[in-house]
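K.L.:
Structure below; questions to follow.
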């Protein structure tokens, strides 16, 4: 008999057959502790093996580059080592406690995206724990039939990395939010998803016929023929709309009056760059680099950033790629950075002022950007510039100990700021860079590029 379970509206519509993922129980929590030195040695051996696995996976999936950063972060290892030494726990138990502490740091943040990164932390720790316990990796998604809807308590990046998405019609999880990994991967892959479906693991069985209505937030189980026909018609209509949009996506954007408009995309990662270009964008007007910093519990190193910027630049080719340097503060926090309370944090110590106050952080990002500029039409945007002095401090290659812009393919430099900007262009840009005017960071207003 047909029934409906409510969830959080997430993405898309799908009709398919359920595959309910049942996890194997782990004995890690009950592992007996040995000698603290031996336990620490076991942990580090498992950690190194996990890093090797993640390094291989990172070549194909960007999310695993962030996981590699997490695994290599000294904080996680330090927390595990401290519990082994002070509480005489087994490596497995210490890892479990350390994982919960790091997840607690993310969960306490007032940011939905960052709270969603607890899934990534747990995934990394689960990988290390599996190696510690001697469990062999297995692929529960091998042999999925076309049109499968995967139902699970939770789905981690290591789960979705094993899926053949040509056979997956949709994803359903009992937990999660619209910023969780499941929601993000569904949007990136163009499939339906529904998260926060409490009770789905009790009420759905493998083989059940399902309909995901991600727009209404409903999971329909064993739909009757009339409901099935209704959703089949909706799916066909969506397919026709998508076909028409795809056919027109690469056409120039021209107003009825004949005015040519340049349409640029807004992206936070390489996958979003690819999707924007496929959808007809003529370049990327804003690449929000802070998401590289939000994916792990520590600052991304130069190589991690270079790999992301280079991949985005190569996708864009001759089309512009404007990368905004780290814009953190205000409504965007990092779990590993402390910000003192301010009366107005949105206009206080944030964005370019954070970068100027932390020269090694800024230098690392700029070096990665300059290296990537050899592989495409890279432009650099300094966020929240509020004075001539701030721009000159940010744009001084000698102060940053960097190659000159000419040696680095002469990337354009833009600035973005809140409110009004009254700066005489030729005083700032005698060598031909540009200034973008407008509040692009907060409200995606258009920016103007002025030439000297």
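K.L.:
Scan region 107-115 and tell me whether some residue there is surrounded by 21 or more Cβ atoms within 10 Å (Cβ to Cβ) and in contact (Cβ under 8 Å) with a residue 24 or more places away in the chain.
P.N.:
There is no residue in region 107-115 that is surrounded by 21 or more Cβ atoms within 10 Å (Cβ to Cβ) and in contact (Cβ under 8 Å) with a residue 24 or more places away in the chain.
K.L.:
Of the conditions (1) at pLDDT 90 or above; (2) farther than 21 Å from residue 201 by Cβ; (3) surrounded by fewer than 18 Cβ atoms within 10 Å (Cβ to Cβ); (4) touching a helix residue (DSSP H, G or I) at 6+ places or on another chain (Cβ under 6 Å), residue 153 fails just one. Which one is it?
P.N.:
Looking at each condition in turn, residue 153 falls short on (2).
K.L.:
State whether one or more residues within region 272-285 are surrounded by 13 or more Cβ atoms within 10 Å (Cβ to Cβ), in a loop (DSSP other than H, G, I, E, B), at pLDDT below 90 and in contact with a helix residue (DSSP H, G or I) (Cβ under 6 Å, 6 or more places away or on another chain).
P.N.:
No.
K.L.:
Hey, can you tell me all the residues within region 286-301 that are under 19 Å from residue 58 (Cβ atoms) and buried (at least 16 other Cβ atoms within 10 Å of the Cβ)?
P.N.:
Passing the criteria: 289, 291, 292, 293, 294, 295, 296, 297, 298, 299, 300.
K.L.:
Also, I was wondering about something else. Do we have residue 242 as under 28 Å from residue 67 (Cα atoms) and either more than 27 Å from the chain's Cα centre (by Cα) or at pLDDT below 95 (or both) here? Full working, then the answer.
P.N.:
Values: under 28 Å from residue 67 (Cα atoms): no; either more than 27 Å from the chain's Cα centre (by Cα) or at pLDDT below 95 (or both): yes.
So residue 242 fails the test.
Matching residues to (1) surrounded by fewer than 13 Cβ atoms within 10 Å (Cβ to Cβ); (2) modelled with pLDDT of 95 or more; (3) over 25 Å from the mean Cα position of the chain (by Cα); (4) not in a loop (DSSP other than H, G, I, E, B):
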position: 188; (1), (2), (3), (4): no, no, no, yes
position: 210; (1), (2), (3), (4): no, yes, yes, yes
position: 215; (1), (2), (3), (4): no, no, no, no
position: 228; (1), (2), (3), (4): no, no, yes, yes
position: 256; (1), (2), (3), (4): yes, no, yes, no
position: 266; (1), (2), (3), (4): no, no, no, yes
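K.L.:
All but one of (1) over 30 Å from residue 270 (Cβ atoms); (2) not in a helix (DSSP H, G or I) hold for residue 237, so report the exception by its number.
P.N.:
Checking residue 237 against (1) over 30 Å from residue 270 (Cβ atoms); (2) not in a helix (DSSP H, G or I), the one that fails is (2).
K.L.:
Here's something else I'd like to know. When only residues in region 116-136 that are more than 15 Å from the chain's Cα centre (by Cα) and without any contact (Cβ under 8 Å) to a residue 60 or more places away in the chain count, which is surrounded by the most Cβ atoms within 10 Å (Cβ to Cβ)?
P.N.:
Here the answer is 125.
K.L.:
All but one of (1) in a loop (DSSP other than H, G, I, E, B); (2) surrounded by fewer than 19 Cβ atoms within 10 Å (Cβ to Cβ) hold for residue 163; which doesn't?
P.N.:
Going through (1) in a loop (DSSP other than H, G, I, E, B); (2) surrounded by fewer than 19 Cβ atoms within 10 Å (Cβ to Cβ) one by one, residue 163 breaks only (2).
K.L.:
Only one of 361, 356 is surrounded by fewer than 21 Cβ atoms within 10 Å (Cβ to Cβ), under 12 Å from residue 289 (Cβ atoms), out of contact with any strand residue (DSSP E or B) (no Cβ under 9 Å at 6 or more places or on another chain) and modelled with pLDDT of 70 or more; which? I'd like the intermediate steps shown before the answer.
P.N.:
On the way: 356 fails: under 12 Å from residue 289 (Cβ atoms).
Sole residue among the options that is surrounded by fewer than 21 Cβ atoms within 10 Å (Cβ to Cβ), under 12 Å from residue 289 (Cβ atoms), out of contact with any strand residue (DSSP E or B) (no Cβ under 9 Å at 6 or more places or on another chain) and modelled with pLDDT of 70 or more: 361.
The values are calculated or read from the model by the stated rules, or taken from the named source; none is laboratory data. What you see is a predicted model, and the numbers here were worked out from it, not measured in a lab. Heads up, the Cβs are rebuilt from the backbone with ideal geometry, glycines too, and the neighbour counts pull from every protein chain shown.
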